[in-house]
Amino acid sequence: MCAEPIGPEHPHVVDVVGRELMCTCRPCYLLFTAGEAQLRYRAVPDRYVSLPGFVLGDRQWDELEIPVGLAFFLPNSALGRTVAFYPGPAGATESELPLGAWDTIVAANPTLRLLAPDVEALIVRRPDGRGTEAAAHLVPVDRCYELVGGLRLTWRGFDGGQEARALLDAFFADLAARSRPAPGVGD
């Protein structure tokens, strides 16, 4: 934004209009941290929230029409709705959620109302076996795209292969280590 050189560890902002993630220096990042302001750019926060007991049954997942067991959900203020993305060998595939399916999930999980539009996402990893609990976290959106890029680089074959599964395991272990339980959980 200001042409100041940035290092490997740096913050990000989202261009809400262009739907782009931008690398920034710390001073530029701080210009866009006011969440309630109507700005074109929004700073991506560094908040990690775990959602133990997240309610998302097989039927609800099927209603989302997402063909894989991993997706992230991003409230998009420009579109006025939540959009789903799931990673694959070509990057992130955007999926329009069927009317009412997302509202049903939010009703069962009111903590999802904490998501900051455009900059935070719900990431969900469903286990391979049906009927077991999903791993769910509220995370900075840049982490979701970091995962998409990592999977794109490691993807082999039809299902991603062993290296992609190891990347997923390490990614979700890191989320679990960084996350604090949602407000009201365990109080």
How big is the gap, in Å, between the Cα center of segment 1-76 and the Cα center of segment 123-181?
16
The chain - accessible surface per residue (Å², probe 1.4 Å):
54
Karplus-derived 3J(HN,Hα) from phi for segment 18-32 (6.51 cos²θ - 1.76 cosθ + 1.60, θ = phi - 60°), whole Hz, x at Gly and Pro, runs x, 6, 10, 9, 10, 6, 9, 7, 4, x, 5, 4, 5, 5, 10
Rounded to the nearest whole number, the per residue volume of the convex hull around the C-alpha atoms of segment 134-181 in Å³ is 77
Heavy-atom accessible area ranking, 1.4 Å probe, most first, across 12, 137
12, 137
Under Karplus coefficients 6.51, -1.76 and 1.60, residue-wise ³J(HN,Hα) of segment 108-123 in Hz, glycine/proline x:
7, 9, x, 4, 5, 5, 6, 4, 7, x, 6, 10, 10, 9, 8, 10
If I stretch the segment between residue 163 and residue 178 completely, what's the gain in nm (0.36 nm per residue apart, minus their alpha carbon distance), one decimal?
3.1 nm
Which ³J(HN,Hα) values in Hz, rounded to whole numbers, follow from the phi angles of segment 133-143 under the Karplus curve 6.51 cos²θ - 1.76 cosθ + 1.60, where θ = phi - 60° and Gly and Pro get x?
6, 7, 8, 9, 9, 8, 9, x, 4, 5, 5
Would you tell me the accessible area of residue 148, worked out with a 1.4 angstrom probe on the heavy atoms of the protein chains, in Å² to the nearest 10?
10
With label points built 7 Å along Cα→Cβ from the Cα atoms of residue 133 and residue 156, find their separation and express it in nm.
3.3
Quick one: grab the alpha carbon gyration tensor of segment 66-116, order the square roots of its eigenvalues as a ≥ b ≥ c, and give me rounded if a/c is under 1.5, else prolate or oblate depending on whether a/b is larger than b/c.
prolate
Run the quick spin-label model on residue 47 and residue 94: label points 7 Å from Cα toward the beta carbon, then report their separation in nm to one decimal.
2.4
Which length gain, in nm to one decimal place, applies between residue 62 and residue 6 when the Cα-Cα distance is subtracted from 0.36 nm times their residue separation?
15.9 nm
Heavy-atom accessible area of segment 74-153 with neighbours in place, 1.4 angstrom probe: carbon+sulfur share in percent works out to 53
Amide H contacts under 5 Å for residue 44, placed H, 5+ residues apart:
12, 13, 14
Ranked from the most accessible area to the least, with a 1.4 Å probe and all protein chains present, what is the order of 48, 86?
86, 48
Starting from the alpha-carbon convex hull of segment 62-187, give the projected area averaged over all orientations, in nm².
8.1
Order the peptides 70-83, 110-123, 17-30 from the highest to the lowest mean number of other Cβ atoms within 10 Å of their residues.
110-123, 70-83, 17-30
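Using a 1.4 Å probe and counting only protein heavy atoms, arrange 62, 128 so the residue with the most accessible area comes first.
I get 128, 62, largest accessible area first.
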For segment 100-168, rounded, prolate or oblate, judged on the Cα gyration tensor with a ≥ b ≥ c (square roots of eigenvalues), a/c < 1.5 rounded, else prolate if a/b > b/c?
oblate
Contact order normalised by length for segment 1-150, with contacts defined as Cα pairs under 8 Å and 6 or more residues apart; what percent is it?
25
List the residues whose amide H sits under 5 Å from the amide H of residue 182, counting only those 5 or more places along or on another chain, with H placed 1.01 Å from N in the peptide plane.
50
Could you work out [θ]222 nm for the chain from helices alone, using -39500 (n - 2.57) per DSSP H run of at least four and dividing by all its residues? Round to the nearest 500 deg cm²/dmol.
-8500 deg cm²/dmol
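The values are calculated or read from the model by the stated rules, or taken from the named source; none is laboratory data. Remember, it's a predicted structure, so these values are computed and weren't measured experimentally. Quick reminder, even Gly has a Cβ in these numbers, built from the backbone with ideal geometry, and neighbours come from all protein chains shown. Quick note on the areas: whole protein, heavy atoms, side chains included, nothing else; ligands and nucleic acids left out. Shrake-Rupley method; radii C 1.70, N 1.55, O 1.52, S 1.80 Å.
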